[in-house]
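Written out below as structure tokens is the structure these notes cover.
The values are calculated or read from the model by the stated rules, or taken from the named source; none is laboratory data. Here the structure is a predicted model, which means the values were calculated and not measured. Note that each Cβ is placed from the backbone with ideal geometry, even for glycine, and that neighbours are counted across all protein chains shown.
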Amino acid sequence: MAKRRALIIDSREQDVRNLKKVLEDGDYRVAVASNGDEGVRLAQDLYPEVVLLAIQSPGLNGLQILRDLKKRGTTKSLPVLILLEKFDEEYAAQGLQMGAADYLLKTAGQDFLLRRVGVLARIRHQDRQRRDVIFRYKGFFDGEQHGLFLSTREGRLLDVNQNLVRLLGYGDRDELLKIDIENDLYFDPQGRQNFREIIENQGHVDNLKVNFKRKDGEKITMLISGRVVRDEKGGIAGYEGYNVEVTEETEAAEPLEEQPEERRFLSRFLKHLVPRVLPYGADFFSLMKMTELIAERYEKVERLGLGSFGEVWKVRDTEREGRAPYYVAKIPTSKKLNNQFRKEAAICRRLAGHPNSTKIIDVVEERGRVILIQEFVEGPSLRELLEGPLENNKKEKILLQLVDIVAHAHKHRIVHRDIKPENIVVRRDSIVKLLDYGVAKELKEKDISSTMVGSRPFMAPEQISGESQIASDVWALGVVMYAVYTGYLPFYHDNEKILMDLILTMEPRPPREVEPDIPVELERIILECLKKDPKERFADATILKETILKTFPDFGKKN
């Protein structure tokens, strides 16, 4: 066991030597400061279990040192034991009022001193444990992506996480905690009773669909899995639908099925953690996780992204038998985005059939919002791949497939408008997928879109001016090719305005100056993609692809 730490702040050298020896004999690691500045600094750096402050020591101004310790966030919780050379009621009272934990005469015996210091150190250790437990509890509870709730046997909510508050449409946690579980949480008043009968009769439930009620009265279907936990006498001690070990020793959180039987529903969590963290925690009966279903079918598994347009989730189809496939669900933040999501679905359907396009699996509506269910593409993004070395033939295979899917889109008069390494994913079978047609646009009579969209380092000059066209995708392809072959972006600056000025006014550094092994003709192709005037670039990705293959017939075809 690690030695406990003590800090002595005293200007009397002989007293310090005596105190230090007593504490070291008592198995403490001791640090010493002879003035206030040094004492406060050591208290911040060492964070000891106890501070012994000789408040009457000459030249120290002990009360000011105590005041400094108690006003700083890093040291205000440290227990301070005031050491008095002689008893002074006013000194002792002032020190205690300012936050000292106790006082003691220097003339007290060694055993008495060690006992007092030991009590303060133990209180400090217990306070640290309590704070650590609360921190870990909040970390797992508030960090869980799905809904979590703790409840009593009688049906009173003890705690809920913020995601459950959001899912059920309540204003805040306190508002949700006031509801009656039986009447206000379940959509059907018999829902809670039915759930309890099933789990108690079977001993467990696996992915049971249960209808809950939002604050606005609408039904929301969620999946619940759990098991009955029994006490030593075989009685029902509680329900467990979520397993996490939150102790002083570990932060591990494991799925139920991966835990050995003896570690499931940890007694520490049930008997010690909850009562220490929550009022009425001793009444804790169940810890349940509620996984939202989209359209009563697609189970939310993992949130992949969150942005101004909405959320992106990895989901599982609960209606598929056997090993259900994973998909991606794109959920808008608002009904106002429905038309945009419908357009994205239509664009993906028009591009269907091409091996490098992402498939639309389903389009569903829930609470008035259009939700896209798309193919889940597993593999590293091009951005991730560029963080390490890439063989030349792999570069060619990736780029040829990328140019090919963009050419396919251009043939359908569709401009992607957000081509960047993050949106390019390479599967294990080396198939490239171009993702995120959320800002793509179908060009009809006009060749130009009047909205500035895209990611800044990959935006063409005309996009910065608010105009997107097919040649804008050609520019982005040129930026990607430049990055793949040189490891750098042709234009970059941390300041967004300066970056846009560079794109608008500066010529890119020739790729061969950065990487001399790049073929001259490939450099010419990249630089033609990066012409400021869209009319001077390749007209579309089809012509770019034809030029690449005419110049390098084996491009992307080598194993």
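Quick check, is VAL415 in contact with a His (Cβ under 7 Å, 6 or more places away or on another chain) and either exposed (fewer than 14 other Cβ atoms within 10 Å of the Cβ) or within 25 Å of TRP475 (Cβ to Cβ) (or both)?
For VAL415, the condition - in contact with a His (Cβ under 7 Å, 6 or more places away or on another chain) and either exposed (fewer than 14 other Cβ atoms within 10 Å of the Cβ) or within 25 Å of TRP475 (Cβ to Cβ) (or both) - is not met.
Let's see how each residue does on (1) part of a helix (DSSP H, G or I); (2) touching an Asp or Glu at 6+ places or on another chain (Cβ under 8 Å); (3) within 30 Å of ASP517 (Cα to Cα); (4) at pLDDT below 95:
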position	(1), (2), (3), (4)
ASP447	no, no, no, yes
VAL453	no, yes, no, yes
GLY466	no, no, no, yes
ASP494	no, no, yes, yes
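A quick yes/no check of all residues on (1) at pLDDT 90 or above; (2) loosely packed, with under 13 Cβ neighbours inside 10 Å; (3) more than 30 Å from the chain's Cα centre (by Cα):
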site: ARG122; (1), (2), (3): no, no, yes
site: ARG131; (1), (2), (3): no, yes, no
site: ARG136; (1), (2), (3): no, no, no
site: GLY139; (1), (2), (3): no, no, no
site: GLN145; (1), (2), (3): no, no, no
site: THR152; (1), (2), (3): no, no, no
site: LEU158; (1), (2), (3): no, no, no
site: LEU164; (1), (2), (3): yes, no, no
site: GLY171; (1), (2), (3): yes, yes, no
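Suppose we filter the range 216-240 for residues that are without any contact (Cβ under 8 Å) to a residue 12 or more places away in the chain, touching a strand residue (DSSP E or B) at 6+ places or on another chain (Cβ under 9 Å) and either farther than 19 Å from LEU150 by Cβ or not in a loop (DSSP other than H, G, I, E, B) (or both); how many remain? Before you say what the answer is, go through the steps one by one.
If we filter the range 216-240 for residues that are without any contact (Cβ under 8 Å) to a residue 12 or more places away in the chain, which is where we start, we get 217, 230-235.
Cutting the leftovers down to touching a strand residue (DSSP E or B) at 6+ places or on another chain (Cβ under 9 Å) gives us 230-231.
The next check asks that each one be either farther than 19 Å from LEU150 by Cβ or not in a loop (DSSP other than H, G, I, E, B) (or both); those that pass are 230.
Here the count works out to 1.
Could you list, in sequence order, all residues of the range 55-65 that are surrounded by fewer than 23 Cβ atoms within 10 Å (Cβ to Cβ) and either touching a strand residue (DSSP E or B) at 6+ places or on another chain (Cβ under 6 Å) or not in a helix (DSSP H, G or I) (or both)? Before you say what the answer is, go through the steps one by one.
If we filter the range 55-65 for residues that are surrounded by fewer than 23 Cβ atoms within 10 Å (Cβ to Cβ), which is where we start, we get 56-61, 63-64.
Those that are surrounded by fewer than 23 Cβ atoms within 10 Å (Cβ to Cβ) and either touching a strand residue (DSSP E or B) at 6+ places or on another chain (Cβ under 6 Å) or not in a helix (DSSP H, G or I) (or both): GLN56, SER57, PRO58, GLY59, LEU60, ASN61.
Check the range 16-34 and report whether any residue there is under 39 Å from the mean Cα position of the chain (by Cα) and farther than 17 Å from LYS106 by Cβ. Talk me through it step by step, then tell me what you get.
Here is the first cut: in the range 16-34, the residues under 39 Å from the mean Cα position of the chain (by Cα) are 29.
Still in the list and also farther than 17 Å from LYS106 by Cβ: 29.
Scanning the range 16-34 turns up at least one residue that is under 39 Å from the mean Cα position of the chain (by Cα) and farther than 17 Å from LYS106 by Cβ.
Being in a loop (DSSP other than H, G, I, E, B), more than 17 Å from GLU240 (Cβ to Cβ) and in contact with a strand residue (DSSP E or B) (Cβ under 7 Å, 6 or more places away or on another chain) is the filter here, so list the residues in the range 186-215 that pass it. Break it down into steps so the answer makes sense when it comes.
Step one: of the range 186-215, the residues in a loop (DSSP other than H, G, I, E, B) are 187-190, 203, 214-215.
Filter once more, so that each one left must be more than 17 Å from GLU240 (Cβ to Cβ): 187-190, 214-215.
Within the range 186-215, PHE187, ASP188, ARG214 meet the criteria.
If I go through the range 532-551 residue by residue, how many of them are free of Cβ contacts under 8 Å to residues at least 40 places away in the same chain and under 17 Å from ALA471 (Cα atoms)?
Looking only at that region, the number is 5.
On the basis of being in contact with an Asp or Glu (Cβ under 7 Å, 6 or more places away or on another chain), farther than 30 Å from TYR47 by Cα, of a type outside the set (Asp, Glu) and not in a loop (DSSP other than H, G, I, E, B), does LEU164 make the cut?
Values: in contact with an Asp or Glu (Cβ under 7 Å, 6 or more places away or on another chain): no; farther than 30 Å from TYR47 by Cα: yes; of a type outside the set (Asp, Glu): yes; not in a loop (DSSP other than H, G, I, E, B): yes.
It is false that LEU164 is in contact with an Asp or Glu (Cβ under 7 Å, 6 or more places away or on another chain), farther than 30 Å from TYR47 by Cα, of a type outside the set (Asp, Glu) and not in a loop (DSSP other than H, G, I, E, B).
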